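Below is one structure, written out as structure tokens; the observations come after it.
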Amino acid sequence: MQAVSDGARWMVRLVEGERLPDVFVEFARAHGIRAAAVPMGIGQLTQVRLAFWNGTEYVPREIPTPVELVSLSGSIGEAEGEPSVHLHATVGLADHSTVGGHLVSGTVGLLVESLVETFPGRAFPRPFDESVGLRRLELGGTG
């Protein structure tokens with residue numbers, strides 16, 4: 001990964017073979033990021049696993065062929081003292097159709113370029129909310 005920052009924003013370039021979302025967890029840990037948004041990302045992925053939340057569980061879909069990463073977005077918070085990354089992706093298939101959902105995992109193909117916007121001095125806890133069965137981002141935390 002290559003990364004450059006102007007203080008609160010980071011432009012990052014992921015390289016072939018890096019794994020999403022793991023690389024964002026490592027990035028957040030290395031830079032002490034406890035609150036951030038991932039407003040965009042483009043590039044190429046392989047071995048993608050997306051999921052659809054049906055209200056009670058994630059229903060996965062595997063895409064083993066290379067795909068164009070059309071859009072990547074999400075958030076970075078923390079859960080149990082560790083970075084917690086939640087990403088969604090829209091990917092383009094070879095027939096020019098698209099599919100999207102929760103990005104469970106994916107391997108960077110040629111590259112991925114993404115923006116990470118941090119909230120210095122803040123922490124976004126992501127506690128488990130039993131009423132919905134998911135971790136939810138809490139926006140009131142200070143770091």
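Quick look at the numbers
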quantity: Checklist (1) surrounded by 15 or more Cβ atoms within 10 Å (Cβ to Cβ); (2) β-branched (Val, Ile, Thr); (3) under 23 Å from SER131 (Cβ atoms) applied to VAL99, failing item; calculated: (3)
quantity: Count of residues meeting criterion [surrounded by 15 or more Cβ atoms within 10 Å (Cβ to Cβ) and farther than 18 Å from GLY106 by Cα] in region 5-27; calculated: 1
quantity: Count - residues of region 55-96 that are β-branched (Val, Ile, Thr), under 18 Å from the mean Cα position of the chain (by Cα) and closer than 18 Å to ASP129 by Cα; calculated: 2
quantity: Those residues of region 87-118 which are within 15 Å of ARG61 (Cα to Cα) and in contact with an Asp or Glu (Cβ under 6 Å, 6 or more places away or on another chain), in sequence order; calculated: GLY92
quantity: Scan of region 111-127 for residues that are surrounded by fewer than 13 Cβ atoms within 10 Å (Cβ to Cβ) and either touching a residue at least 24 places away in the same chain (Cβ under 8 Å) or under 24 Å from ARG19 (Cα atoms) (or both), ordered by number; calculated: PRO120
quantity: Flag if VAL25 is within 23 Å of MET11 (Cβ to Cβ), touching a helix residue (DSSP H, G or I) at 6+ places or on another chain (Cβ under 8 Å), hydrophobic (A, V, I, L, M, F, W, C) and not in a loop (DSSP other than H, G, I, E, B); calculated: no
quantity: Of the criteria (1) surrounded by 14 or more Cβ atoms within 10 Å (Cβ to Cβ); (2) in contact (Cβ under 8 Å) with a residue 24 or more places away in the chain, which one THR90 fails; calculated: (2)
quantity: Condition check for SER71: under 19 Å from GLU16 (Cα atoms), assigned to a strand (DSSP E or B) and among the hydroxyl-bearing types (Ser, Thr, Tyr); calculated: yes
quantity: Some residue of region 128-135 being basic (Lys, Arg) and assigned to a loop (DSSP other than H, G, I, E, B); calculated: no
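Every read-out reported here was derived from the displayed coordinates using simple, explicitly stated rules and does not represent laboratory data. Remember, it's a predicted structure, so these values are computed and weren't measured experimentally. Here Cβ is always computed from backbone atoms with ideal geometry, including for glycine, and neighbour counts include all displayed protein chains.
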